[in-house]
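Read through the structure below, which is laid out as structure tokens, and then see the notes.
The values are calculated or read from the model by the stated rules, or taken from the named source; none is laboratory data. Source: prediction; values computed, not measured. We place every Cβ from the backbone using ideal geometry, glycine too, and count neighbours over all the protein chains shown.
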Amino acid sequence: MPGELVVVALGGNALLQRGQRGTFEEQYANVQETSRYLADLVERGYRLVITHGNGPQVGATMLRHDAGLKLYNVPPFPMDVCGAETQGFIGYMIQQALRTELKHRGIDKYVITVITRVIVDENDPAFRNPTKPVGPFYTREEMERMKAEHPEFVFKEDKARGGWRRVVPSPDPKIIAERHAIRTLVDAGFIVVACGGGGIPIIEKDGWRAVGVEAVIDKDLASERLATLIRADYLVILTDVDGAYLDFGKPTQRRLGVVRVSELRRYYEQGHFGEGSMGPKVLAAIRFIENGGKRAVIAERSQVLAAVEGKAGTQVYPD
């Protein structure tokens, strides 16, 4: 009998730790450590699909494109292509590190990266209200020059950090385009890396013509879509804290241990979870259970095995 299927959504600390510069060596060392935790799951017989973020990486890629244009007049690529670039090199790091760890343990399992597109609704309200900052900071003069060259770009000032940044929509993920291929690979015994950075956002014009769009999809919400569509047993969302908290950062804070989905939705609607931090993780967990998943977990990276086995993190169950 095949093992239970787990979608593991890696948090940013799996790739880049706070205060690091983002060199390849730093990121690969972090992925190596994460791979040791993931290998524990494989050793226990679980089947894995791994998703990950790409915020700092795609920002750095866009900076490189910007520098290439300024210094060498090399044309920059659009954001959807930058997302594909980062899916490729992050997938390579995970493949390399996890396959190496598994071979060291005598486990003959292969890791495959799928460049993943995610279909969004072109009428999503997010396209009328871009909110997600991407790319480098600009001075007012640089921002106005770019705005003249690209009237469709939207910029917002970050007064706290002193500059202007481009903001893009963050639409809700609807369909994982490569879902059937991912499930087929899992059923054939492969460990799959997919939905990097939330996936490459596309719309389908006239119901068939795929077009990449300038947007960023939340990777936890995309992970839920993937987990639901490939009928995963568990969705595990890893982060740098040991679960979801009520009153986080206050003297009254308390971690949620075992919680039923209706209770968690009530806390979510009451505004207990930060919109740009724990909120999307909690919403992804809620959606997964409401869409038929057995269990969702929010936990710290090193706790992944205990989290899957119900012994750590915030465990979300059906009512």
Would a scan of region 205-212 turn up a residue that is surrounded by 13 or more Cβ atoms within 10 Å (Cβ to Cβ), assigned to a helix (DSSP H, G or I) and assigned by TED's automatic domain parsing to the domain that holds THR51? no
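Counting only residues that are touching a helix residue (DSSP H, G or I) at 6+ places or on another chain (Cβ under 6 Å) and either of a type in the set (Ser, Thr, Tyr) or surrounded by fewer than 18 Cβ atoms within 10 Å (Cβ to Cβ) (or both), how many does region 116-140 have? Before you say what the answer is, go through the steps one by one.
Kept after step one, since they are touching a helix residue (DSSP H, G or I) at 6+ places or on another chain (Cβ under 6 Å), are these residues of region 116-140: 118, 135-136.
Applying the additional criterion that residues be either of a type in the set (Ser, Thr, Tyr) or surrounded by fewer than 18 Cβ atoms within 10 Å (Cβ to Cβ) (or both) yields 136.
Total meeting the criteria: 1.
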Residues of region 269-308 being free of Cβ contacts under 8 Å to residues at least 24 places away in the same chain and over 20 Å from the mean Cα position of the chain (by Cα), which ones? GLU269, GLN270, GLY271, ALA306
Candidate set: region 1-15, residues that are buried (at least 21 other Cβ atoms within 10 Å of the Cβ) and over 17 Å from ILE191 (Cβ atoms); chosen: the one modelled with the highest pLDDT: LEU15
Test for TYR46: is it assigned by TED's automatic domain parsing to the domain that holds LYS109, of a type in the set (Ser, Thr, Tyr) and more than 30 Å from ARG183 (Cα to Cα): no
Can you say whether VAL216 is among the hydrophobic types (A, V, I, L, M, F, W, C), in a loop (DSSP other than H, G, I, E, B) and touching a strand residue (DSSP E or B) at 6+ places or on another chain (Cβ under 7 Å), as far as the supplied structure shows? yes
Residues within region 96-135 that are among the aliphatic types (A, V, I, L, M) and not in a loop (DSSP other than H, G, I, E, B), tallied: 9
Out of LEU235, LEU226, LEU185, report the one residue that is touching a residue at least 24 places away in the same chain (Cβ under 8 Å), part of a strand (DSSP E or B) and not assigned by TED's automatic domain parsing to the domain that holds THR139. LEU235
